[in-house]
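S.K.: Got a structure for you, written out below as structure tokens; questions coming shortly.
The values are calculated or read from the model by the stated rules, or taken from the named source; none is laboratory data. Just so it is clear, the structure is predicted and the values come from calculations on it, not from any experiment. Every residue, glycine as well, gets a Cβ built from its backbone with ideal geometry; the counts of neighbours run over all protein chains shown. In case anyone asks, the SASA skips ligands and DNA or RNA and just uses the protein heavy atoms, side chains included. Shrake-Rupley method; radii C 1.70, N 1.55, O 1.52, S 1.80 Å.
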Amino acid sequence: MPEPIEVRKVPILSVSDASGLAGLIDQGVLEADRVVAVIGKTEGNGGVNDYTRIIADRAFREVLVAKGSRSAEEVNQVPIVWSGGTDGVLSPHATVFATIPADQAEQTDEPRLTVGFAMSEMLQPEDIGRTAMVTKVAEAVEVAMGRAGISDPADVHYVQTKTPLLTIHSIRDAKSRGKTVWTEHTHESMDLSNGCTALGVAVALGEIDMPRDEDVMHDRSLYSSVASCSSGVELDQAQVVVVGNTRGVGGRYRIGHSVMRDALDADGIWAAVKDSGLELPERPHVSDLDGRLVNVFLKCEASQDGEVRGRRNAMLDDSDVHWHRQIKACVGGVTAAVTGDPAVFVSVSAAHQGPDGGGPVAAIADLGPGDAKT
């Protein structure tokens, strides 16, 4: 049985700030050696060369080393996933997951939050965008599920991944070995890596059958409703964090999920919050959350038809501001309006993650007695 989970959201006050994490440790809320995952937003450009992710990663790992007993090498194995770009009202922040001793957790037989982590086999540049990557990701998801104590895929509500994308160097490496790559456009490879990874998640959870190479980025009817995929230059494997619920683990937190059908689907966000176990009226308002919502995690994508609810937009034609930034700001505003908090995890590039033009939503709620956590 996995250990109970404590989860908290902390602000990031500057590019290199990890004081929120340090404060949680100093206050005894959690122990540095028990941190099992961090998922956060940084304020960079969200592109291939977004250095803010590297700076934040270093800052958080330095705190874990300084305030715990794990070596730097051991801390480097902790999954820390950063999504760059806080366009619009989005605010830099991090959600920290840590285990707590079973005897310190609230006892309940109801489903409560559990987390599992795994790394895939090495992903070669020629794998990215092809079924070889789908297979390797699916195998890692199954391992992470087992470590989370989850046997039923229906109990998985959020799968956060980080995978490699293509760079000029990795493209050159593939060619030197007589291999081909799906694309030679490095920025396009971000969408490609994310989308192919999502298909791997969907296969592992039984949401779809194994796709063909030609389905990747083309058949948008194939998607996962729980995958949240990010990519970057700093790794060469798929880093997989499975978040779900299991009975008997105890604790005060629970996760739920839904999907946004389009960029304005606030009801999809509310559905995820309700699925997390919070009791809400038929027409909920932010005041009904009562401080019980820890955080929400969303992926978003500009619809391939260039429309939202029958109205044309120019995001996909805009040569000045990439559509990644525009749709992220839009969905971030919708999400913050629902939660009343701009520190929400909204990430772009959602190919095969939720329906076209929409995206998956996961919500973590504090169901424990007493004062809600903030």
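S.K.: Sort out which residues of region 92-131 are small (Gly, Ala, Ser) and surrounded by 17 or more Cβ atoms within 10 Å (Cβ to Cβ), and write them in order of number.
M.R.: Ala94, Ala98, Ala105, Gly116, Ala118, Ser120, Gly129
S.K.: I want to confirm something. Restricting to region 1-20 and keeping residues that are in a loop (DSSP other than H, G, I, E, B) and β-branched (Val, Ile, Thr), which single residue is least open to solvent (accessible area, probe 1.4 Å)?
M.R.: In this case the residue turns out to be Ile12.
S.K.: I'm trying to understand the selection: among the residues of region 194-233, which are assigned to a helix (DSSP H, G or I), under 26 Å from Ile255 (Cα atoms) and not β-branched (Val, Ile, Thr)?
M.R.: Asn194, Gly195, Cys196, Ala198, Leu199, Gly200, Ala202, Ala204
S.K.: While we're here: Among the candidates Gly129, Gly116, which residue alone is touching a Cys at 6+ places or on another chain (Cβ under 8 Å) and in contact (Cβ under 8 Å) with a residue 40 or more places away in the chain?
M.R.: None of the other options fit; the residue is Gly129.
S.K.: I've got another one for you. Any residue in region 235-258 that is part of a helix (DSSP H, G or I), open to solvent by 20 Å² or more (accessible area, probe 1.4 Å), modelled with pLDDT of 95 or more and not aromatic (Phe, Trp, Tyr)?
M.R.: Within region 235-258, none of the residues are part of a helix (DSSP H, G or I), open to solvent by 20 Å² or more (accessible area, probe 1.4 Å), modelled with pLDDT of 95 or more and not aromatic (Phe, Trp, Tyr).
S.K.: Which of the residues that make up region 151-173 are more than 22 Å from Asn295 (Cα to Cα), among the β-branched types (Val, Ile, Thr) and buried (at least 17 other Cβ atoms within 10 Å of the Cβ)?
M.R.: Correct list: Thr163, Ile171.
S.K.: I need every pair where a residue in region 160-180 that is of a type in the set (D, E, K, R) has its Cβ under 7 Å from the Cβ of a residue that is open to solvent by 10 Å² or more (accessible area, probe 1.4 Å) and in a loop (DSSP other than H, G, I, E, B), sequence separation at least 6 or different chains.
M.R.: Every condition considered, the pairs that remain are Lys162/Leu235.
S.K.: Name, by its number, the condition in (1) over 30 Å from Ala102 (Cα atoms); (2) at pLDDT 95 or above; (3) not in a loop (DSSP other than H, G, I, E, B) that does not hold for Met190.
M.R.: (2)
S.K.: For region 21-77, which residues satisfy the criterion of being open to solvent by less than 10 Å² (accessible area, probe 1.4 Å), under 19 Å from the mean Cα position of the chain (by Cα) and over 21 Å from Ser347 (Cα atoms)?
M.R.: Passing the criteria: Leu21, Val35.
S.K.: Every residue in region 262-281 that is surrounded by fewer than 19 Cβ atoms within 10 Å (Cβ to Cβ) and farther than 29 Å from Gly306 by Cα, please.
M.R.: Lys274, Asp275, Glu279, Leu280, Pro281
S.K.: Say whether the condition of being surrounded by fewer than 20 Cβ atoms within 10 Å (Cβ to Cβ), among the aliphatic types (A, V, I, L, M), more than 17 Å from the chain's Cα centre (by Cα) and within 20 Å of Val259 (Cβ to Cβ) is met by at least one residue in region 291-304.
M.R.: Within region 291-304 (the criterion being surrounded by fewer than 20 Cβ atoms within 10 Å (Cβ to Cβ), among the aliphatic types (A, V, I, L, M), more than 17 Å from the chain's Cα centre (by Cα) and within 20 Å of Val259 (Cβ to Cβ)), the answer is no, since none of the residues qualifies.
S.K.: So, Arg325, is that one open to solvent by 30 Å² or more (accessible area, probe 1.4 Å), over 15 Å from the mean Cα position of the chain (by Cα) and free of Cβ contacts under 8 Å to residues at least 24 places away in the same chain or not?
M.R.: Details: open to solvent by 30 Å² or more (accessible area, probe 1.4 Å): yes; over 15 Å from the mean Cα position of the chain (by Cα): yes; free of Cβ contacts under 8 Å to residues at least 24 places away in the same chain: no.
No.
S.K.: Here are some residues: Ser193, Ser221, Ser189. Which one is within 27 Å of Ser303 (Cα to Cα), within 16 Å of the chain's Cα centre (by Cα) and hydroxyl-bearing (Ser, Thr, Tyr)? Break it down stepwise before answering.
M.R.: Working: Ser221 fails: within 16 Å of the chain's Cα centre (by Cα); Ser189 fails: within 16 Å of the chain's Cα centre (by Cα).
Result of the check over Ser193, Ser221, Ser189: Ser193.
S.K.: Further, regarding this structure: Is it fair to say Asp288 is modelled with pLDDT of 95 or more, acidic (Asp, Glu), surrounded by 13 or more Cβ atoms within 10 Å (Cβ to Cβ) and in contact with a strand residue (DSSP E or B) (Cβ under 9 Å, 6 or more places away or on another chain)?
M.R.: Values: modelled with pLDDT of 95 or more: yes; acidic (Asp, Glu): yes; surrounded by 13 or more Cβ atoms within 10 Å (Cβ to Cβ): yes; in contact with a strand residue (DSSP E or B) (Cβ under 9 Å, 6 or more places away or on another chain): no.
No.
S.K.: Something else now. Going by the conditions given, is Arg309 surrounded by fewer than 22 Cβ atoms within 10 Å (Cβ to Cβ) and basic (Lys, Arg)?
M.R.: Yes; evaluated as a whole, the condition is true for this residue.
S.K.: Also, I was wondering about something else. Of these, Glu214, Glu184, Glu188, which one is without any contact (Cβ under 8 Å) to a residue 40 or more places away in the chain, in contact with a helix residue (DSSP H, G or I) (Cβ under 6 Å, 6 or more places away or on another chain) and open to solvent by 10 Å² or more (accessible area, probe 1.4 Å)?
M.R.: The unique qualifying residue is Glu184.
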